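The structure appears below as structure tokens.
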Protein chains: 2
Amino acid sequence: MTSTPDTYERLCEFVRETALLESIEALLGWDERTYLPPAGGEYRAEQITYLSGRIHKRRTDPRLKDWLDELAASDLMADPHSDPATTVRQLRRDFDKRSKLPQRLVEELARASVLGQQVWVEARAADNYRMFEPLLKQMFALKREQAEAYGYAEHCYDALLDDYEPDATTAEVKAALAGVREELVPLVQAIGESHKQAPVELLKRKFPVAAQEAFGKEAAAKIGFNFKRGRLDVTHHPFCSGMGPHDCRLTTRYDETFFPSGFFSILHEAGHGMYDQGQRPDQFGLPPGSYVSLGIHESQSRMWENLVGRSRAFWDYFYSRAQIAFPQALGDVPAAQFLFAINDVRPSLIRVEADEATYNLHIIVRFELEQALLCGDLSTADLPGAWKDKYDEYLGIRPPSDADGCLQDVHWSAGLIGYFPTYTLGNIYASQFFAAAEKELGGLHEPFAQGDFAGLLAWLRRQIHQRGQCYTAGELCEKVTGKPLAHTELIAHLRGKFGELYALK
Amino acid sequence: MTSTPDTYERLCEFVRETALLESIEALLGWDERTYLPPAGGEYRAEQITYLSGRIHKRRTDPRLKDWLDELAASDLMADPHSDPATTVRQLRRDFDKRSKLPQRLVEELARASVLGQQVWVEARAADNYRMFEPLLKQMFALKREQAEAYGYAEHCYDALLDDYEPDATTAEVKAALAGVREELVPLVQAIGESHKQAPVELLKRKFPVAAQEAFGKEAAAKIGFNFKRGRLDVTHHPFCSGMGPHDCRLTTRYDETFFPSGFFSILHEAGHGMYDQGQRPDQFGLPPGSYVSLGIHESQSRMWENLVGRSRAFWDYFYSRAQIAFPQALGDVPAAQFLFAINDVRPSLIRVEADEATYNLHIIVRFELEQALLCGDLSTADLPGAWKDKYDEYLGIRPPSDADGCLQDVHWSAGLIGYFPTYTLGNIYASQFFAAAEKELGGLHEPFAQGDFAGLLAWLRRQIHQRGQCYTAGELCEKVTGKPLAHTELIAHLRGKFGELYALK
């Protein structure tokens, strides 16, 4: 006979052991993208496949079900936001979802993802959509099958979205993103017609890499990333990876002749990293010590990158330091010019190079198209044309090629369908949270201009980071801001900022 | 019913899977010593402990015994040097040794090693042997117990030596090292009395770290280390770690005002690394694809560091390059002066800073003392005095403190008893192998002076690397050099080289 507290302890112990394997897998992944010798890739894949298999086995271990069944009926569930209730609820979710997928489908998805990415690389390089199309078609068929296996209440897209944004519904995300689109299309148009141009050339002067690294680290540390519990390295595609309760690693890439590339990646990844560092170390690997959703994660990175890092207040403090770090590039540049340059808005073809405002339109194109592809309202054969039409409609430009059109992102080839909207959800949540913080803390411009970012970070820690998964993203938003997910604050922020910079009426 | 070939396949499959875990553990260890954030140590220890446990479990899995029993009685064993026979023999060794240790002893040894190293760090910093002595006493008692559990034919030291130098006996190692000592003590004395002094000051000029790194990498690549299958990073205590069939990582540390520190560590570790890279990738993790012994591993590092890297021929090729890399430090230094400087011989207190000749006397002191401590001929209370007496006798200098005396090495605190002699065995084997290679290849000075090191490396690959564990160290030595382990070639090399440099009669 065991008591319920014993069962809870046993469950946590088991999950902590799984987390050891998951954190090791994270190190393998980080190393693969930073330091792995070129010839080491094949064996690294074997190591990761082996670990993934062990992890999946543990996450679907029948003992879990027994423990969870017992605990679900116990007093521990009384307060749904308590650690035990959160742990049981979230582990159950994970267990049920994993158990619903037939082994064959898991393997086919894994195979299609590996093959898909390989062919995507070639097809993109050759600007040859036809080469990629059969694989994309197969991928969407498999993902449809996955959605059916998961099951859903309303929209088959719900089932996939849930993997990245748990508990969110297609309907609410659709409403929020449609709201963004309706307001943003005319705003971007107005900016284009303002005939003001940001002086972006000055960001293309020479910014020595060593100075960029030093300045980026100084800024990341200043806003609150703890380098005793983390580090910063170089990679091709910046990312942040937590691999222990006190080990969170940021990566970036530097372009010697384009300052924003390295610097804003660092702020962005540091935002993710501070969320990771703000989790409760005693709950590492358990739901109360884990992030809520990709949208909430992204809200943290976007907030520090854009709402903080591209603000006037931030540069009131940092600009003189930047001039010391880059005397040749910035010595003769007035702060206002620099601020305008890093806030340049103009429609472009490539999502990852887009500015703070138009970025969301890139996302909305993808969000709408992937829903249509999944539900069969659009065939993969018709994707290139549909993509171009939407760019025309929302951004006012038409991609001349598929390489710079529907072939530009890796996501679909890897089976990441339902992932894109979390980027814009991040922007929406970020604005909502930031507005709430400003209201509660009584204005943030003053402290930022003094180099004091601790107030905002402490607020985020308390309101978001330390809550782990004890609330869903939607509940968290309501609890912290008093309102559900809504595009109002994001649009107000973009209108306010760009209205001033571009002197819109 | 399974056939014997099936069993062999199954065995190899199982061991390869264990190797996946071992290689992952190697990455965790490498990362800990290179990039791990300061606060990440505690969780890293948990990760490593977990993996070690899994690995130990697999290495003592009862299925192994069944498979090995079946295979031992099969035709596959006909040729003892074949892959299957080697695999079965070596796995059996490992299985039997591990199975002989009671779980309690394994745990006590692990605990004593962790605690021992912690206290050793403090005791050394405080120059307080008394603080460390009780732990050292306990460690030797545990190691004696371990030796008894393993069992041995003649000398209880045999049992421990076998962990690092399998199949070697105390008697043969004793004879070889005594031979070295008898010849080396008078040689070092004669050098001291020659009144010639190497111009070591010139190595203490300024050698910028970035230039050291570039030059060290160039040299490592030139002698044959493949950077597509490996890398070089910075650490406190240089090491080499293989973590996959195509992933071998070197580390070094740079001293801006002492050139040899970084450079010769790189050559040394590259020597280890080329042995690792020379193993058969298809046998990765299996005995035919693994190193024979620490002595043989060290023979490779010492050969490239000393017999190649400190030779006149090597610098005939590299010196003009070094002058270009370090124009300020070496621009005005004649090659002969530089060569003498990097071959400075003088008795010193610290092993890791010792020169090519006196290094062996440091080892012999430790080898003799650890035998006496293990067998009870010397009590840990009397160690400091015995240490000083031996330094007096063999090196002609008396350590003024225990910090620079018997507290200088981490080995004993970590339970590495029987490990030290493998350093000098490495020097002995290196000289024997090098003499055999010179004989077979018809002189190596010429190609080295042309920057051609491929002939020696190909010979080592063929004669040593690709043989894995198919021969014991002793068999390998006989097969490759026609002679058993003997100090003759090492002494001939040291006499020849230093006789010339110091103009001895």
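We did not get these values from a lab; they are worked out from the coordinates using the rules stated. Keep in mind the model is a prediction, meaning the values are calculated, not measured. For neighbour counting, all protein chains shown are included, and Cβ atoms are generated from backbone atoms with ideal geometry for every residue, glycine included.
Which residue, B:Gly496, B:Phe338, B:Thr169, has the largest displacement toward the positive end of the dipole of chain B when charges sit on each Cβ (Lys, Arg +1; Asp, Glu -1)? The one lying farthest along the dipole's positive direction is B:Phe338. The distance linking the range A:353-412 with the range B:303-376 is 64 Å (Cα centroid to Cα centroid, whole angstrom).
Among the listed pairs A:Lys206/B:Lys217; A:Lys57/B:Lys57; B:Lys65/B:Lys100; B:Lys174/B:Lys483, those whose Cα-Cα separation exceeds 20 Å are A:Lys206/B:Lys217. Applying Stokes-Einstein at 20 °C and 1.002 mPa s to the Kirkwood radius of the range A:346-505, computed over alpha-carbon pairs, gives a translational diffusion coefficient of 119 µm² s⁻¹. Within the range A:173-318, the percentage of alpha carbon pairs spaced more than 23 angstrom apart rounds to 46%.
I want the local charge near B:Ile491. Using Cβ-Cβ distances under 10 Å, sum +1 for each Lys or Arg and -1 for each Asp or Glu among the other residues. Let's see the in-between values first.
Details: positive: B:Arg495; negative: B:Glu182, B:Glu183, B:Glu489.
Its environment carries a net charge of -2.
As a length-normalised measure over Cα pairs under 8 Å and 6 or more apart, the relative contact order of chain B settles at 21 percent.
Sorted fewest first by neighbouring Cβ atoms within 10 angstrom, A:Arg302, B:Arg310, A:Arg467 come out as B:Arg310, A:Arg467, A:Arg302.
What number does the range B:1-48 give for Rg over Rh if you use C-alpha atoms and the Kirkwood radius?
1.31
Return the FRET efficiency for the residue pair B:Ala73, A:Asn128: r is the Cβ-Cβ distance, R0 is 60 Å, and the value is rounded to the nearest 0.05. Numbers along the way, then the final one.
Details: r = 59 Å, r/R0 = 0.99.
Using R0 = 60 Å, I get an efficiency of 0.50.
Each residue in B:His236, B:His493, B:His268, B:His411 was given a count of other beta-carbon atoms within 10 angstrom of its own, and listing them fewest first yields B:His236, B:His411, B:His493, B:His268. Using the Cβ of B:Asp167 as centre and a radius below 11 Å, the other residues enclosed give a net charge of -3, where K and R count +1 and D and E count -1. Sorted from closest to farthest, the other copies place their A:Ala190 label points 9.4 nm away, with each point set 7 Å from Cα along Cα→Cβ.
A crude spin-label estimate for the pair B:Leu504 and B:Ala335, with each label 7 Å from Cα along the Cβ direction, gives 2.6 nm. When the convex hull of its Cα atoms is viewed from all sides, the protein assembly as shown shows a mean projected area of 46.4 nm².
Can you tell me how the range B:328-395 classifies by the Cα gyration tensor, rounded, prolate or oblate, using a/c under 1.5 as the rounded cut?
prolate
Between the C-alpha center of the range A:193-266 and that of the range A:20-55 there is a gap of 25 Å. Tally Lys and Arg at +1 and Asp and Glu at -1 over the other residues with C-beta under 13 Å from the C-beta of B:Arg461: what net charge comes out? With Lys, Arg at +1 and Asp, Glu at -1, the neighbours total +2.
A simple spin-label model places pseudo-atoms 7 Å from Cα toward Cβ; at A:Glu201 and A:Ser82 they are separated by 6.6 nm. Remark: mean inter-chain Cβ contacts per residue of A:227-236 equal 2, using a 10 Å Cβ-Cβ cutoff to other protein chain atoms. Listed by chain and number, the lysines placed with their C-alpha closer than 21 angstrom to that of B:Lys196 are B:Lys204, B:Lys497, B:Lys505; residues fewer than eight positions away on the same chain are left out. Extent along the principal axes, Cα only, for the range A:1-115: 54, 30, 27 Å, with the longest axis given first. With the convex hull drawn around the C-alpha atoms of chain B, the volume per residue stands at 150 Å³. Rounded to the nearest 0.05, what FRET efficiency do A:Gln118 and A:Asp66 have when you use their Cβ-Cβ distance and R0 = 35 Å? It comes out at approximately 0.30. Put a dot 7 Å past the Cα of B:Gln138, heading toward its Cβ, do the same for B:Arg253, and the two dots end up 2.8 nm apart. What are the aspartates and glutamates whose alpha-carbon lies under 15 Å from the alpha-carbon of B:Lys479, with same-chain residues fewer than 8 places away excluded? By straight Cα distance, B:Lys479 reaches B:Glu440.
Annotation for B:Glu218, label-to-label distances across the other copies: 3.3 nm (shortest first, one decimal, point 7 Å from Cα along Cα→Cβ).
Among the chymotrypsin sites (Phe, Trp or Tyr not before Pro) within the range A:228-309, which fall in a DSSP loop and have no more than 16 other Cβ atoms within 10 Å of their own Cβ? For chymotrypsin sites (Phe, Trp or Tyr not before Pro) across the range A:228-309 that sit outside H, G, I, E and B with at most 16 neighbouring Cβ atoms in 10 Å, the list reads A:Phe258.
The ranking of B:Ile397, A:Ile266, A:Ile491 from fewest to most other beta carbons within 10 Å of each one's beta carbon is B:Ile397, A:Ile491, A:Ile266.
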